[in-house]
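This report concerns only the one structure given below.
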Amino acid sequence: MTTMNVDSRGTACPGPITDLIRAYKKAQNGDMIVLVANDPGVVPDSKAWCERTKNVFVGSKNIEDYFEITIQVTGKRA
Amino acid sequence: MKKIAVIGSGAGGLITSSKLAKDLSKEIKNGEVSIMLFDKKREQEFQPGYLEVAFRGTDPAKIRRPMKKLVSEGVKIVHDNCEKVDLPNRYLKTEGSSEKIDFDYIIISTGSSPDYDQVPGLRDANMDFHTDAYNSSLIYQQVLKIKSGRIVVGIGGLPYKCPPSPNESAFMLDEHFRKAGIRDKVEITYITPFTRIYSADSINEVIAPMYKDRSIESVTAFNTDSVDASKKEITSLEGETMKYDYLFLTPPHKPAEFLKNTELSDEDGWVKVDKRNLHITDYDNGFAIGDTTNIPISKAGVEAHLEGIVVANNIIAEIKGTEKRYKFTGRTQCSMETGFHKATFVVGTYDTPVQKITPSTFNYMEKKVMEKIYWGSLHGHYEWLFKYHFKKDYFEN
Ligand SMILES: Cc1cc2nc3c(=O)[nH]c(=O)nc-3n(C[C@H](O)[C@H](O)[C@H](O)COP(=O)(O)OP(=O)(O)OC[C@H]3O[C@@H](n4cnc5c(N)ncnc54)[C@H](O)[C@@H]3O)c2cc1C
């Protein structure tokens, strides 16, 4: 299991979900992705993305002016 | 003599070299400055025009221009590709040559191109309008033959250039089959790895109802993993499959090969730059602009242009010994054609989120004007217009 840290702070259009999806492509089931971003939309967007792709939204924290989102990769086909 | 090397003669490299040559013309004449532009290509193409070629049958010759007409006076073009850049020692090498070419300043603007290796099977199955005008023209011949069936169109991987282009292709296909009177026989499905039809919510609000009205089905959060051309089937990273008869996916893109595994670039080869002053991280004399950077905004010509102006202005200021310095504002402006002579724009900056702009014929006309002035704009003929249009987003000073 690896933890992938993705720093998307200051990301404008097309947004931090792009960075999340790019990291996800390289990840394996069991890996954790920790995404930090200051776009407030990132929390509902990553939650919705996890639901749709069957990955686990572990949680989100609001730290100073940014959000830290933790996702466990579980949705990839074996 | 100050030597300036510009690598890549696309949208970013041409405006940068033109602006430098214009503002440093006296210094070039006096032998104090030289500008060298490196690119193997002998002609350039207006890439947004690939959509018109692929889906409306525009003659590819109309969107091509020979390099000699595009390079400004004072710029020396070298028809070789760059193979190595040594920033600490300030030299570069061209492909297959051992000669070290010195520079004082370097601007890397080598763009991005489709990376089919990321999606097994996609190359064979796909109708590709992101590579060149010739490949795009082959698509139109195929489109004319389609009389019924299921079209799958959309995003095949990230990142790619021009975020709205997959949506535009769906709208243009819809228009084509409506005009041909066979829209009811052709199913169009749009796939995207994002959770919305367009990644930015404001634009999604505009186009999602249009997809519904036009009967373009959408499948979101679909992460294309591979394509089986013989079964005509796409498989997602999650193991879902989708059948198609005709496939029009925008492939993921990659930077130029020589940038990979260098200290200039991130793990995928995108050049690491400061997003405002565009310095290659930690180097005062090295810059990167356009698609090849790792800046977290869309890969589009407008950005390449505005970044080129910022970099050229800062080099000019340094050479002339003036105090003023400029910064890139992160301004994006990608047009999204929605069919039937209407368009919207994806507009934002680092500090302002993407705006909601309703599609209109006026926007479409603005897009058409941009097409008309594109080649002249690479010579720097329309900076007065862009300055007026972009206002405080043109640059920060
Ligand atoms: C279908 C489509 C629609 C688009 N629509 C829009 C739009 O509506 N609005 C918009 O703003 N943008 C749009 N774009 C995107 C736009 O064309 C690009 O973002 C823009 O061209 C980027 O400029 P650039 O200078 O970074 O790269 P490019 O213009 O691609 O130029 C890169 C140059 O570098 C050269 N090169 C590569 N490797 C080397 C090397 N090793 N040595 C020397 N030279 C090298 C290449 O030959 C090329 O000439 C669209 C693109 C496509 C494909």
- Is there a residue being within 12 Å of the ligand (Cβ to nearest atom) and either away from every other protein chain (no Cβ under 14 Å) or charged (D, E, K, R) (or both) anywhere in the range B:146-160? no
- Which one is farthest from the ligand (Cβ to nearest atom), of the residues in the range B:32-52 that are out of contact with any Pro (no Cβ under 8 Å at 6 or more places or on another chain) and open to solvent by 50 Å² or more (accessible area, probe 1.4 Å)? B:Glu32
- Note on the structure: Just one listed residue, out of B:Tyr198, B:Tyr283, B:Tyr211, is outside any strand (DSSP E or B), within 11 Å of chain A (Cβ to nearest Cβ) and either of a type outside the set (A, V, I, L, M, F, W, C) or under 30 Å from B:Gly13 (Cβ atoms) (or both), and it is B:Tyr198
- Query: In chain A, which strands (runs of 3 or more DSSP E) lie fully inside it and hold 1 or more residues that are without any contact (Cβ under 8 Å) to a residue 12 or more places away in the chain and either within 13 Å of chain B (Cβ to nearest Cβ) or loosely packed, with under 14 Cβ neighbours inside 10 Å (or both)?
  - Reply: A:56-63
- Filter the range B:1-31 for residues that are open to solvent by less than 10 Å² (accessible area, probe 1.4 Å), of a type outside the set (Gly, Ala, Ser) and within 16 Å of the ligand (Cβ to nearest atom) and give the result. B:Ile4, B:Val6, B:Ile7, B:Leu14, B:Ile15, B:Thr16, B:Leu20
- Count, please, the residues in the range B:119-146 that happen to be within 24 Å of B:Ser226 (Cβ to Cβ) and open to solvent by 60 Å² or more (accessible area, probe 1.4 Å). 6
- Residues of the range B:335-362 being open to solvent by 10 Å² or more (accessible area, probe 1.4 Å), under 15 Å from B:Ile297 (Cβ atoms) and within 11 Å of the ligand (Cβ to nearest atom), which ones? B:Phe345
- Determine which single condition B:Asn167 fails, assuming it passes every other condition in (1) polar (S, T, N, Q); (2) closer than 23 Å to A:Lys26 by Cβ; (3) buried (at least 23 other Cβ atoms within 10 Å of the Cβ). (2)
- Task: Just give me the residues in the range B:236-248 being open to solvent by less than 20 Å² (accessible area, probe 1.4 Å) and either within 13 Å of chain A (Cβ to nearest Cβ) or within 19 Å of A:Arg22 (Cβ to Cβ) (or both), in sequence order.
- Result: B:Ser236, B:Leu237
- Item | Matching residues in the range B:249-280 - criterion: being assigned to a helix (DSSP H, G or I) and open to solvent by less than 50 Å² (accessible area, probe 1.4 Å) | B:Phe258, B:Leu259
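The values are calculated or read from the model by the stated rules, or taken from the named source; none is laboratory data. None of the values given here were measured: they were computed from a predicted structure. When we count neighbours, we look across all protein chains shown, and the Cβ atoms used for this are built from the backbone with ideal geometry, even at glycine. Note: accessible area is taken over every heavy atom of the protein model, side chains too, but ligands, DNA and RNA are not part of it. Shrake-Rupley method; radii C 1.70, N 1.55, O 1.52, S 1.80 Å.
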